[in-house]
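S.K.: Shown below is the structure under consideration.
The values are calculated or read from the model by the stated rules, or taken from the named source; none is laboratory data. Everything numeric here is computed off the predicted structure, so don't read it as measured data. Note that we place each Cβ from the backbone using ideal geometry, even for glycine, and neighbour counts take in every protein chain shown.
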Amino acid sequence: MTIPFTPWPAEFTARYIEKGYWIDLPLTDIVTRHCVDSTSASRTALICHQRQFSYAELNCLSNILAHHLHAQGFKAGDTAVVQLPNVAEFYIVFLALLKVGIVPVNALFNHKQLELRAYIEQVQPALMVVSNCHQLFHDDRFVSELNADTPTIRHWLVEGEATFGTSITELLMAQQEESNEEVVEFTSTPASEVAFFQLSGGSTGTPKLIPRTHNDYYYSVRASVEICQLDSDTVYLCALPAPHNFSLSSPGAFGVFYAGGTVVLATDPSAMSCFPLIHKHRVTMTALVPPAVTLWLQAASDYKRHLVSLNVLQVGGARLSESLAKQISPVLGCQLQQVFGMAEGLVNYTRFDDDSWHVFNTQGRPISNDDEIKIVDEQGNEVPDGIAGALLTRGPYTFRGYFNSPDHNANAFDADGFYRSGDIVKRTTTGYLIVVGRDKDQINRGGEKIAAEEVENQLLVHEAVTNAALVSMPDTVMGEKSCAFVITTNPALKAITLRKHLRARGVAEYKLPDRVEFVAQLPMTPVGKVDKKQLRQTIQQTLIIKK
Ligand code: AMP
Ligand code: DBH
């Protein structure tokens, strides 16, 4: 059994194979390739608090888990929903699932009932992997609800102490002691098939899933490793959520594993969590979103000596201002690399030999010569360099369709299979992209993406809300925050009541409106849609007047 997905047309498949992009190896190769000789196998792959794992250990632990799952009757083509914080188990579990061919959705740790249920609904998982550190899994209440609603779920793995399901920690410890584990070679799904689902930032009512094949993802990882010049001396701090496409593959932890370096896990991107780790483990490289950069710059003056080992700071996920960009090297003492990527595929990097203008003012250029870029005006005609337009792309690691979403896919791609990214960009004459805006209904809250419609739908569930529109408003640290314009039948309704309502609906905290404006009506465009452009202007004006 394999997971259905929209394949690349045959002539593209042939070209990507011929050019050596798709090499027909499973993603687990990023670790197993180091286990053929004892010197590389014994190198440190992963550091998680006090625990260190060599490549051999990482491989062995994921084998133990794979055996367990195999013994439980799991097989290739089964699906899983995984929600783990930044702990070693995230990679151990991921590798184990890939080995057995179980296709996971890796939810973010700040996701709650609404998001988890949306993923569960779409993939009908046989396996759930969760952490008892998460508020929803302190006890088994939500677990029982999900078991009752989702007959496909057969097994729960729990990180930490389990009050339900099987404890990953105990399982791995018990099995390791038995040692001399018989070696079974697992067969993952074929490399041309779906390895896992990546999460889309989305712009629709329900979050969409992005099928990523071994072949396409592994190519993006290898090519990123080359561009970012990783090697076995690289020590990478994973400060963003581990499942994020940026910290997983650009080049992220997978890139570091491929290169034989070391991944150090941080619980969060704060300076307080990260600076001591950089100092202690002599971290050479990390990746941040712009709001974290602001905080690091503020904290660095007292702790610059902690950062001497740091060579490269990658920044992406949201637009980095030129003024922030210029402070990075003098204040943090490392080189800046801008990264503009998307879980759907296309990733752009500034290169290490670029001049400072490109590094400060552009979001880089694509990974691959076969990344095809179209920048079009509202009529769909390509615009010249220097003129802003909508970014469309296709290529050897850009997907061809969201999972099980024919209606949405009909608009998300053009007739030639180019994906409409929803970003408004300009191309320089040197082929670099500058992100200037967005034409998707999304708020980018410091790199955390909020699909407006998803939140609006949940606001509309409230009995006193008759209409709602969520838009972005400028914020000096976050870049953007969210503002909900709400029409209500209850003049006494308060913003805090709506936030409570959304929490009770299980909406992730970062999606709660930062501000609520109660209004008598919403402006409409000539075609009868809510005029969000005007709402953004209204809230900007309000903020200016209040200042
Ligand atoms: P996601 O769909 O969650 O993977 O988010 C991808 C989106 O994040 C892109 O389409 C952009 O809108 C935004 N993004 C990522 N990196 C950057 C960047 N360096 N500058 C501006 N926007 C970015
Ligand atoms: O924001 C993103 O999704 C993103 C940013 C940087 C990404 O997917 C990536 C690099 O790969």
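S.K.: In segment 91-114, how many are closer than 22 Å to Arg503 by Cα and out of contact with any helix residue (DSSP H, G or I) (no Cβ under 9 Å at 6 or more places or on another chain)? Don't jump to the end; show me each part of the working.
M.R.: So in segment 91-114, the residues closer than 22 Å to Arg503 by Cα come out as 106-114.
Okay, now just the ones that are also out of contact with any helix residue (DSSP H, G or I) (no Cβ under 9 Å at 6 or more places or on another chain), so 109.
Final tally of qualifying residues: 1.
S.K.: Check Thr267, Thr262, Thr294 and return the single one that is of a type in the set (Val, Ile, Thr), in contact with a helix residue (DSSP H, G or I) (Cβ under 8 Å, 6 or more places away or on another chain), away from ligand 1 (no atom under 16 Å from the Cβ) and within 26 Å of Gly202 (Cβ to Cβ).
M.R.: Within the list Thr267, Thr262, Thr294, the selection yields Thr267.
S.K.: Now for a different question. Would you call Tyr432 of a type in the set (Phe, Trp, Tyr), within 16 Å of ligand 2 (Cβ to nearest atom) and under 21 Å from the mean Cα position of the chain (by Cα)?
M.R.: Judged against the criteria, Tyr432 is not a match.
To keep it simple, each residue is scored yes or no on (1) assigned to a helix (DSSP H, G or I); (2) surrounded by fewer than 16 Cβ atoms within 10 Å (Cβ to Cβ).
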| site | (1), (2) |
| --- | --- |
| Pro491 | no, yes |
| Thr497 | yes, yes |
| Gly506 | no, no |
| Gln521 | no, yes |
| Pro526 | no, yes |
| Arg536 | yes, no |
| Gln540 | yes, yes |
| Leu543 | yes, yes |
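S.K.: Still on this structure, I have one more. Starting from segment 305-320, take each residue that is under 14 Å from Phe352 (Cβ atoms) and within 16 Å of ligand 1 (Cβ to nearest atom) and list its partners that are assigned to a helix (DSSP H, G or I) and of a type in the set (Val, Ile, Thr), counting only C-beta distances under 7 angstrom and pairs at least six apart or across chains.
M.R.: Leu313/Ile328
S.K.: For segment 131-244, give me every one of the strands (runs of 3 or more DSSP E) that falls completely inside it and has 3 or more residues that are within 16 Å of ligand 2 (Cβ to nearest atom) and not assigned by TED's automatic domain parsing to the domain that holds His68.
M.R.: 194-199, 209-213, 235-238
S.K.: Test Leu324 against the criterion of being in contact (Cβ under 8 Å) with a residue 12 or more places away in the chain, in contact with a helix residue (DSSP H, G or I) (Cβ under 7 Å, 6 or more places away or on another chain) and assigned to a loop (DSSP other than H, G, I, E, B), and give yes or no.
M.R.: Working: in contact (Cβ under 8 Å) with a residue 12 or more places away in the chain: yes; in contact with a helix residue (DSSP H, G or I) (Cβ under 7 Å, 6 or more places away or on another chain): yes; assigned to a loop (DSSP other than H, G, I, E, B): no.
No, not satisfied.
S.K.: In addition: Would you pick out the residues in segment 313-324 that are away from ligand 2 (no atom under 14 Å from the Cβ) and not hydroxyl-bearing (Ser, Thr, Tyr)?
M.R.: Matches in segment 313-324: Glu322, Leu324.
S.K.: Moving to a separate point now. Does segment 488-520 hold any residues that are over 13 Å from Val461 (Cα atoms) and among the hydrophobic types (A, V, I, L, M, F, W, C), and which are they?
M.R.: Those that are over 13 Å from Val461 (Cα atoms) and among the hydrophobic types (A, V, I, L, M, F, W, C): Ala492, Leu493, Ala495, Ile496, Ala508, Leu512, Val516, Phe518, Val519, Ala520.
S.K.: Here is a further query. Evaluate segment 454-471: report whether one residue or more is free of Cβ contacts under 8 Å to residues at least 12 places away in the same chain and assigned to a helix (DSSP H, G or I).
M.R.: Within segment 454-471, one or more residues are free of Cβ contacts under 8 Å to residues at least 12 places away in the same chain and assigned to a helix (DSSP H, G or I).
A quick yes/no check of all residues on (1) away from ligand 1 (no atom under 16 Å from the Cβ); (2) in contact with a Ser or Thr (Cβ under 9 Å, 6 or more places away or on another chain); (3) of a type in the set (Ser, Thr, Tyr); (4) closer than 15 Å to Arg427 by Cβ:
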| position | (1), (2), (3), (4) |
| --- | --- |
| Leu332 | yes, no, no, no |
| Leu336 | no, yes, no, no |
| Ala343 | no, yes, no, no |
| Thr350 | no, yes, yes, yes |
| Thr362 | no, yes, yes, yes |
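S.K.: Can you pull out every residue in segment 447-465 that is within 16 Å of ligand 1 (Cβ to nearest atom) and either closer than 16 Å to Val530 by Cα or of a type in the set (A, V, I, L, M, F, W, C) (or both)? Spell out how you get there, then give the answer.
M.R.: Taking segment 447-465 and keeping what is within 16 Å of ligand 1 (Cβ to nearest atom), we get 447-455.
Within segment 447-465, Ile450, Ala451, Ala452, Glu453, Glu454, Val455 meet the criteria.
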